[in-house]
1. Per 0.36 nm of contour for each residue apart, how much would the distance between ALA74 and ALA34 grow if the chain were fully extended, relative to their Cα-Cα spacing?
2. Under 1.5 on a/c is rounded, so check that first for the chain, then, if it is not, pick prolate when a/b is larger than b/c and oblate when it is not; a ≥ b ≥ c are the square roots of the alpha carbon gyration tensor eigenvalues.
3. Full extension from ASP18 to ARG6: what is 0.36 nm times the residue separation minus their Cα-Cα distance, to one decimal in nm?
4. In degrees between 0 and 90, to the nearest 10, how far off the longest principal axis of the chain does helix 70-98 point, with axes built from Cα atoms?
5. Report the local net charge at ALA84: Lys and Arg +1, Asp and Glu -1, summed over other residues whose C-beta lies under 13 Å from its C-beta.
6. Place a label point 7 angstrom from the Cα of ASP94 along the Cα-to-Cβ direction, then list the residues of the range 30-62 whose backbone nitrogen is under 12 Å away.
7. Mind sorting GLU50, GLU60 by how few other Cβ atoms lie within 10 Å of their own Cβ, fewest first?
8. Can you give the helix-only mean residue ellipticity at 222 nm for the chain, where every DSSP H stretch with n ≥ 4 adds -39500 (n - 2.57) and the sum goes over all residues, rounded to the nearest 500 deg cm²/dmol?
Amino acid sequence: MTESLRNQITMAEAMLRDTEDRIGKFRGLGEQLASVVGRGEAAGGKVVAEWSSGALTTLEYDPTVMRMASVDLAAATKEAVSAAIRDHGARTRDALTKAGVEPGRAATPEQLRERLAEVRRQFTSAGRQAADGIDDANRRLSR
């Protein structure tokens with residue numbers, strides 16, 4: 001019985017450490033991700049766009065592009081913005097990877113809650129087994 005109890009405690013401790021590690025990886029990540037800026041260029045660098053936090057934050061035109069046909073300028077603008085969005089995505093994935101969070105494999109808050117609930121169940125079960133064992137030993141000693 002004590003070996004089973006030790007195994008349960010060891011498993012619960014391992015689950016808690018893993019969950020704590022996962023939670024630790026998320027600390028400060030929101031602020032870091034909010035500062036990610038994607039940059040894109042078109043028309044030989046004469047149209048520059050920056051994308052951050054789900055929005056276009058910068059759109060710059062070299063004065064010479066004003067001589068372009070409006071259709072060409074619109075196409076260059078779309079190209080620069082699209083490139084900025086792609087760059088933002090790549091930089092976000094890089095930031096997640098550097099933080100030790102694998103994009104697409106990170107646990108959701110609900111999954112973390114479930115893991116913590118499982119650890120709680122294991123510790124509760126182990127505690128009850130320990131209490132039962134102590135009660136049993138006390139009964140034997142009082143005979």
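Since every read-out is calculated from the coordinates, none of them should be taken as a lab result. Note that this is a predicted model, so its numbers are computed, not measured. Virtual Cβ from ideal backbone geometry, glycine too; neighbours counted across all protein chains shown.
1. Contour length minus Cα-Cα distance gives 11.6 nm.
2. Verdict is prolate for the chain.
3. 2.5 nm
4. 20 degrees
5. Computed value for this residue: -1.
6. Counting only backbone N, you get 36-39.
7. Lowest to highest Cβ neighbour count: GLU60, GLU50.
8. That calculation yields -23000 deg cm²/dmol at 222 nm.
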